Amino acid sequence: MTIREGSIEIETISTFEKGPGKISPGFYNRTMEISRDLTVALLKSLKPGIALDSMAGTGIRGLRIAKETDWQVVLNDRDSRNTEIQKSNAKLNSLDLEIQRSDYFCAVSSRKWDYIDVDPFGTPSGLVDAAVINLKNDGILGVTMTDTANLEGKSLDKGKRIYGAKSIAGKFSREISTRIFVKYIIERGASLGRAGRPLLVLRYGHFIRAFVRFKKGNKVADDSLKDLKMAEVEGNSVGPLYTGRLYDPDLLGKMTDFGFSENSKKMFANFENEDLMFLFFENSNEFREVRKTRILDELHNRGYKAGNTNFNDKGIKSNVDEKEYRNMIRSL
Ligand SMILES: C[S@@+](CC[C@H](N)C(=O)[O-])C[C@H]1O[C@@H](n2cnc3c(N)ncnc32)[C@H](O)[C@@H]1O
């Protein structure tokens, strides 16, 4: 089957328009288009270097980077059937790039990289350290986790074992899980003498994707831990989790003109709101739900920044203080 995404066309063996999909060689997952859009937009906004798509599958992410940016790209997958699919997809798009068939650990350690993409099925636990070690100074890791249920659902004990933090189910779970995942990446980096700084993160569908830049140095690595804290959420102590900025505002500015798909555009529009506060307000008080547009208008009239969040459809992010927000919503 032929699929178009971004500016390329690929042949896939099986296609999933929604959800995680079934594991098989040559499979294409439409839900991940937004993750690939953001990868390409982010790299396009930065000085080009060398990128490894370490778990490339059909090759779609790396092929898009190669076609839509000036980065040099290497594709890798351990499954020879994927290697063959990648070769024919590269040819289909008139792209001449290096394609390897290696285990992940051999591929990442084969040279030093400016960008490494890690896109496993499930958790990247056990994979992050090798990527961080093999990034050049100031290199970027783009990493996916699809075991969100371990940090948001019924298997929170498993999440605690894997990511080293206590999470919580409920309305804040998507933001908490994202911040625990970022904490995990920063902690792995710090243990290797690297300071991780998030550039952009996304919680969407069944996955979290984080882009984190790593700087070498023990002092900066120590400093990178200062935003990893416990937090009180609805009467529960959760964490440790990352409480700092999730987005680099300069980078977001440079990415604005990227030709995002409709879905990605909607998510991207909310990124600038996410760092207005830790967690979010809801559009309801003890008595009733208030229309979101009404609340946002009122916050803007009062001179505050405010907008939607991708972490919860009912959520509002604003730089207003909590007491004023509560009084305001009661008065509406
Ligand atoms: C989720 S898929 C990648 C999807 C792809 N990045 C995309 O955007 O469509 C994960 C891929 O990792 C490959 N993989 C799994 N374990 C690996 C390992 N240890 N080394 C290299 N590749 C591996 C699998 O063969 C599979 O193609």
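Every number here is computed from the coordinates shown, using simple stated rules; none is lab data. Values in this document were obtained by computation on a predicted structure and should not be read as measured data. Because the Cβ atoms are built from the backbone with ideal geometry, glycine has one as well, and the counts that use them run over all protein chains shown.
Between the helical axis of 80-92 and the longest alpha-carbon principal axis of the chain there is an angle of about 90 degrees. Largest GNM mean-square fluctuation across 317, 292, 112, computed for the chain with C-alpha springs under 10 Å, falls on 292.
Computed from Cα positions, the angle between helix 322-331 and the longest principal axis of the chain comes to roughly 60 degrees. Return a whole-number percent for the relative contact order of the chain, with Cα pairs under 8 Å and 6 or more residues apart as the contact set. Taking the mean separation of contacting Cα pairs over the length of the chain, I get 12 percent. Computed from Cα atoms, the angle from the helix 262-274 axis to the main principal axis of the chain rounds to 50 degrees. Each of 168, 247, 124 was placed along the dipole of the chain (beta-carbon charges, centred on the mean Cα), and the one lying farthest toward the positive end is 168.
Compute the Cα gyration tensor for region 276-331, then decide on rounded, prolate or oblate, letting a ≥ b ≥ c be the square roots of its eigenvalues: rounded whenever a/c is under 1.5, prolate when a/b is larger than b/c in the other cases, and oblate in all that remain. Because its axes are fairly even, with a/c under 1.5, region 276-331 counts as rounded. Computed on the Cα atoms alone, the convex hull of region 113-225 gives a volume of 88 cubic angstrom per residue.
The calculated FRET efficiency for the pair residue 323 and residue 270, based on their C-beta separation and a Förster distance of 22 Å, comes to about 0.35.
Compare 11, 298, 152 in a GNM of the chain, Cα atoms joined below 10 Å, and give the one with the largest fluctuation. It is 298.
For region 196-332, the Cα gyration tensor yields ellipsoid semi-axes of 28, 20, 14 Å (square root of five times each eigenvalue, largest first, whole Å).
For the chain, adding -39500 (n - 2.57) for each run of n ≥ 4 DSSP H residues and dividing by the number of residues yields -10500 deg cm²/dmol at 222 nm. Entry for region 53-139 at q = 0.11, 0.13, 0.23 Å⁻¹: log10 I(q)/I(0) = -0.27, -0.38, -1.15, Debye formula applied to identical alpha-carbon scatterers, no solvent contribution.
Which Cα, out of 196, 206, 108, lies furthest along the positive dipole direction of the chain (beta carbon charges, K/R +1, D/E -1)? Farthest towards the positive end: 196. Residues whose amide H comes within less than 5 Å of that of residue 230, counting only those at least five positions distant or on another chain, are 241 (H built at 1.01 Å from N in the peptide plane). The share of C-alpha pairs in the chain whose separation exceeds 36 Å stands at 20 percent.
For region 276-331, the relative contact order is 42 percent, taking Cα pairs closer than 8 Å that sit 6 or more residues apart in sequence and dividing their mean separation by the residue count. Packing order of peptides 42-53, 227-238, highest average first: 42-53, 227-238 (average count of other Cβ atoms within 10 Å over each peptide's residues). Shape class for region 24-104: prolate, because the ratio a/c of the largest to smallest gyration tensor axis (alpha-carbon atoms, square roots of eigenvalues) is 1.5 or more and a/b beats b/c. Of all DSSP-defined beta bridges confined to the chain, some 65% are antiparallel rather than parallel.
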